[in-house]
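Notes follow once the structure below has been shown.
The values are calculated or read from the model by the stated rules, or taken from the named source; none is laboratory data. Note that the coordinates shown come from a computational prediction; the quantities given were computed from them, not determined experimentally. Glycine also receives a Cβ, built like all others from the backbone with ideal geometry; neighbour counts cover every protein chain displayed. The protein model used for the area step is the full one, side chains on, heavy atoms only, and it has no ligands, DNA or RNA in it. Shrake-Rupley method; radii C 1.70, N 1.55, O 1.52, S 1.80 Å.
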Amino acid sequence: MDVILFLVFAIIAVLAAINVVVQTHPIASAVSLIGVMGSLAVLYLLLGAEFIAAAQVIVYAGAVMVLFIFVIMLLNAGAEARKGRSFMASLLGAPVLIALLALLAWFVERIYPEGMGVHFGGFTGGSPESIGHALFTTYMLPFEITSILVLIAIVGAVVLARKELD
Amino acid sequence: MQLWLIPILPLAGFTINGMFGRRFSKATVNAVAIGSVVLSFAWVLKTLIALGVLNSAYTEHYFTWIQSGTFSVGCDMAVDRLTAIMLLVVTGIGSLIHIYSIGYMAHEGGYYRFFAYLNLFMFFMLTLVLAANYLLLFVGWEGVGLCSYLLIGFYFDKKFATNAGNKAFIVNRIGDFGFSLAMFLIVSQFGSLDFGTVFSKAPAASEATLTTIGLLLLVGAAGKSAQIPLYVWLPDAMAGPTPVSALIHAATMVTAGVYMTARSWVIYTHAPIAMQTIAVIGIATAFFAATIGLAQNDIKKVFAYSTVSQLGYMFVGVGCGAFSAGVYHLMTHAFFKALLFLGSGSVIHALSGEQDMRQMGGLRSKIPWTCWTMFCASLAIAGFPFTSGFLSKDAILLAANHTAPWIYWVGTITAGMTAFYVFRAFFMTFFGKYRGHAHHPHESPPVMLVPLVILAILSLGGGYLFRIPEFLGSLFPAQEVPEDFNLMAIASGAGLLGILLAYVMYVLKPGIPEAIASGLNGIYQLVYNKYFVDEIYDAAVVKPVVGGSRLLLWKGMDAGLIDGIVNGVGARARNVGGALRMLQSGNARSYATWVAFGGVLVIVALGVAQGVTR
Amino acid sequence: MSQVPISWFLTLSAILFVLGVAGFIFRRSIITMFMSIELMLNAVNLSFITFSYQLKQVDGHLFVFFVMVVAAAEAAVGLAIILTVFKNRQTLNIDEVNSMKN
């Protein structure tokens, strides 16, 4: 059961990711990205990360990607033009990527030849209660800092995008 | 006894004249220069009188110069009988030549510089003579070489003079190299360079070692004393002013080699092969140089080759074990050769610079004092009976006959040639009709003539005044050489024959020389061009070295390798920079590609480091 | 009750990451490149959660939390920058934003 769940959503995620990369129109890429995030949320649930799965859907897919779509529509970005060229990218790009993938996969297989299995309910520590507990004890400092970081980001975004005062 | 004053007085003269001479008047320069040398001579006399009989060496130690482990060299000066003779010759004849130079250099530029250099030379020569160890002797040795270079190239605006100076210094250097090797060997064998220590330990060393040391010292002596094959600098050294030729290249510096070999007699008496080599080289040089002197037309060149030849005689004396005879000839040669050079300087001065004997003649009536003083010198060098030259040359020839009769016969023939070419020069200069173009040949001033007269007296009678063989007999090992009147007669006869032949050929029948020269043209050209030795050296040694240096060392190593490395580093840095510049394309995608590529490398590296791959 | 081997999750994460890099390298529109970055971040989140499962600790979840916060902030600022670039150069093609060339 878990295996089937995993396979289904994993394939959806991969196909959606490929679609992100392949589509020419940014809106199509954005929507495919939302699809990736959704399937990843299911996989998080499989791994016992309830809070993170919810946060993924609400924050990531619901806010960040919406922001993306707003900006795409604001800019009226059309299908991508085919101008410009990068010698390095075309030369090294594919080999490097294939090498990267092969290496990562191989290392993974070597390190976890017959690792433990994942089944639903195998990890119960991902509840909001445990996350909140860790967040406000061990990770208090990063928490505060990231709140300041968000403040800075807001201010920066406002400054960058405002109209010049005449 | 303050031996150090003897060399320091001329050094003071050099310093004062060198630093302030430009502003002094001629009289002040004279006073400083001549005064310092004459004072030095006076101090020598005082010292020798105070030291008395000098049965053993008198040493003074001043300070330790080098102290390295067990090896130490001190600044020591010593006087024994051999040193005494050398001191008297150097300071005495030095003083006379300094006085002569007042007149000779009166019209030349660089007056103070000349006397400064001459004083410096006296300092180094006296250091050489007074030294009590090989290293201090070498200091003097090198110093006189330097002064020789400075003085030969005194007319520095003339290229042939500076070339001659270079040649003298460089050829001397080759000899110095041999001397240095000898010193290294002495240090490694005997642990010291001190004369006393070395000579007491020498008899115990192996003959092979002593022979090697002796031969290496001979290389040094051959360079300094102009023997085969390092004599080529001496004829060219005539480019310097005539007093320089007289002092340095006749009386003192060139005798340093003879002095050094005589001083090292302990080493040589235990290395017979080295001694024989000295004798052979000496007689070969004597004969060879005499043949060249037969055909020269420049009056100074004739005497230059004569010096080389007479130095050969001194080496024959040393090489045949007659050390005192060699030193005896050193002294008498100083008298008459200095006189010959000073006299020729007087002739050149009278003719306002003419040196070619073919442009002279009939000067007997115009410069009589010069003529008759030079006559005394010529008699002495020809070995006319009972002159000083006769006594010393006979001593050498008898010793040579005792060692190897063939040396005696070659020496006798050389004596005949010596007499011939000296009197050829005398007759060509002073007899016959005047062939030259100078306005008014006039006699030299008294300041130049008085030294000539003194030297003439010494040339004739000096052999009796200073009986060197008896004086030095206690110093050197005894030699039983029988007095053989027949041999003495034959040698004298050869000399007289030479004089007669010269008289016939140059006074009675002046046409004969040209007839012989054109008849034996091949031989004449060979001898006149000094057997083309300089040209052979140039082609065989100088050009390959220069060419090799230019090609290999200059173009290959310096410009190619070293500059190549330095410039190459710069060029490679530029190339690398140029290549790396291509990375900065401003293209974000290529940057990303490089990042991914680097990421792959890092993953591989981490994997290998963690041992995952194996 | 079948179990999914952990290595599969990590492999999936690797695939998603490589796809993100591919998108970044090969696409020319700035917005699409940004979305590829988000894809990479998501892949990394997956592997964090997986490790957290393996080690039975909650710290991995916390990392993912912070990654999401930072990604959100970064998206905000980055999009603001894209807006400015578009205002100044009227292009969304990354190859034309190359004034740092040489």
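Restricting attention to the range A:90-113, the residues that are facing chain C (nearest Cβ under 7 Å) and open to solvent by 80 Å² or more (accessible area, probe 1.4 Å) total 1.
Among the residues making up the range B:194-231, those that are open to solvent by 10 Å² or more (accessible area, probe 1.4 Å), of a type in the set (A, V, I, L, M) and more than 16 Å from residue B:278 (Cβ to Cβ) are B:204, B:205, B:208. Once the range A:8-54 is narrowed to residues that are more than 8 Å from chain C (Cβ to nearest Cβ) and either touching a strand residue (DSSP E or B) at 6+ places or on another chain (Cβ under 7 Å) or more than 28 Å from residue C:26 (Cα to Cα) (or both), the residue that is least open to solvent (accessible area, probe 1.4 Å) is A:53. Only one of the numbered conditions (1) over 22 Å from residue B:257 (Cα atoms); (2) in a strand (DSSP E or B) is violated by residue B:53, and that is (2). Considered as a group, the residues in the range B:271-295 that are more than 20 Å from residue B:229 (Cβ to Cβ) and buried (at least 19 other Cβ atoms within 10 Å of the Cβ) include one that is nearest to the chain's Cα centre (by Cα), and that residue is B:295. Checking each residue in the range B:551-575 for being at pLDDT 80 or above and open to solvent by 80 Å² or more (accessible area, probe 1.4 Å) picks out B:565, B:566, B:567, B:569, B:572, B:574, B:575.
Residue by residue, here is whether (1) over 26 Å from residue B:80 (Cβ atoms); (2) touching a Phe, Trp or Tyr at 6+ places or on another chain (Cβ under 7 Å) holds:
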site	(1), (2)
B:218	no, no
B:236	yes, no
B:253	no, no
B:271	no, no
B:276	yes, no
B:292	yes, yes
B:314	no, no
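A quick yes/no check of all residues on (1) within 22 Å of residue A:142 (Cβ to Cβ); (2) assigned to a helix (DSSP H, G or I); (3) within 7 Å of chain A (Cβ to nearest Cβ):
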{"site": "C:14", "(1), (2), (3)": "no, yes, yes"}
{"site": "C:32", "(1), (2), (3)": "no, yes, yes"}
{"site": "C:35", "(1), (2), (3)": "no, yes, yes"}
{"site": "C:39", "(1), (2), (3)": "no, yes, yes"}
{"site": "C:43", "(1), (2), (3)": "yes, yes, no"}
{"site": "C:46", "(1), (2), (3)": "yes, yes, yes"}
{"site": "C:53", "(1), (2), (3)": "yes, yes, yes"}
{"site": "C:67", "(1), (2), (3)": "yes, yes, no"}
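Are any residues in the range C:25-46 open to solvent by 40 Å² or more (accessible area, probe 1.4 Å) and either modelled with pLDDT of 90 or more or out of contact with any Gly (no Cβ under 8 Å at 6 or more places or on another chain) (or both), and if so, which ones? Answer for the range C:25-46, where residues must be open to solvent by 40 Å² or more (accessible area, probe 1.4 Å) and either modelled with pLDDT of 90 or more or out of contact with any Gly (no Cβ under 8 Å at 6 or more places or on another chain) (or both): C:37, C:41, C:44. Restricting the range B:435-467 to residues that are open to solvent by less than 20 Å² (accessible area, probe 1.4 Å) and among the aliphatic types (A, V, I, L, M) leaves a set whose member that is modelled with the lowest pLDDT is B:448. Residue B:477 fulfils the conditions (1) assigned to a helix (DSSP H, G or I); (2) more than 23 Å from residue B:418 (Cα to Cα) except for a single criterion, (1). Scanning the range B:168-222 for residues that are touching a Leu at 6+ places or on another chain (Cβ under 9 Å) and of a type in the set (Val, Ile, Thr) returns B:171, B:174, B:186, B:187, B:209, B:212, B:213, B:219. Quick test for you: out of A:74, A:40, A:33, pick the one residue that is farther than 30 Å from residue A:123 by Cβ and either assigned by TED's automatic domain parsing to the domain that holds residue A:23 or at pLDDT 75 or above (or both). Sole residue among the options that is farther than 30 Å from residue A:123 by Cβ and either assigned by TED's automatic domain parsing to the domain that holds residue A:23 or at pLDDT 75 or above (or both): A:74. Looking at the range B:391-429, which of the residues that are of a type in the set (S, T, N, Q) and out of contact with any Phe, Trp or Tyr (no Cβ under 8 Å at 6 or more places or on another chain) is most open to solvent (accessible area, probe 1.4 Å)? Out of the qualifying residues, it is B:403.
Screening residue B:320 on (1) surrounded by fewer than 24 Cβ atoms within 10 Å (Cβ to Cβ); (2) over 17 Å from the mean Cα position of the chain (by Cα) shows it passes everything except condition (1). The residue pairs whose first member lies in the range B:256-284 and is over 18 Å from residue B:397 (Cβ atoms), whose second member is basic (Lys, Arg), and whose beta carbons are closer than 7 Å, counting only pairs six or more residues apart or on different chains, are B:256/B:224; B:257/B:224. Looking across the range C:47-101, the residues that are closer than 14 Å to residue A:75 by Cβ and open to solvent by 50 Å² or more (accessible area, probe 1.4 Å) come down to C:81, C:86, C:87, C:88, C:89, C:90. When you check residue A:127 against the structure, is it touching a helix residue (DSSP H, G or I) at 6+ places or on another chain (Cβ under 7 Å) and either at pLDDT below 90 or surrounded by fewer than 16 Cβ atoms within 10 Å (Cβ to Cβ) (or both), yes or no? The answer is yes for residue A:127. Checking the range A:149-164 against the condition returns a match, with at least one residue being more than 9 Å from chain C (Cβ to nearest Cβ), outside any helix (DSSP H, G or I) and at pLDDT below 75.
Whether any residue in the range B:33-43 is within 30 Å of residue B:474 (Cβ to Cβ), modelled with pLDDT of 85 or more and surrounded by fewer than 18 Cβ atoms within 10 Å (Cβ to Cβ) is what I want to check. So far as the range B:33-43 goes, yes, one or more of its residues are within 30 Å of residue B:474 (Cβ to Cβ), modelled with pLDDT of 85 or more and surrounded by fewer than 18 Cβ atoms within 10 Å (Cβ to Cβ).
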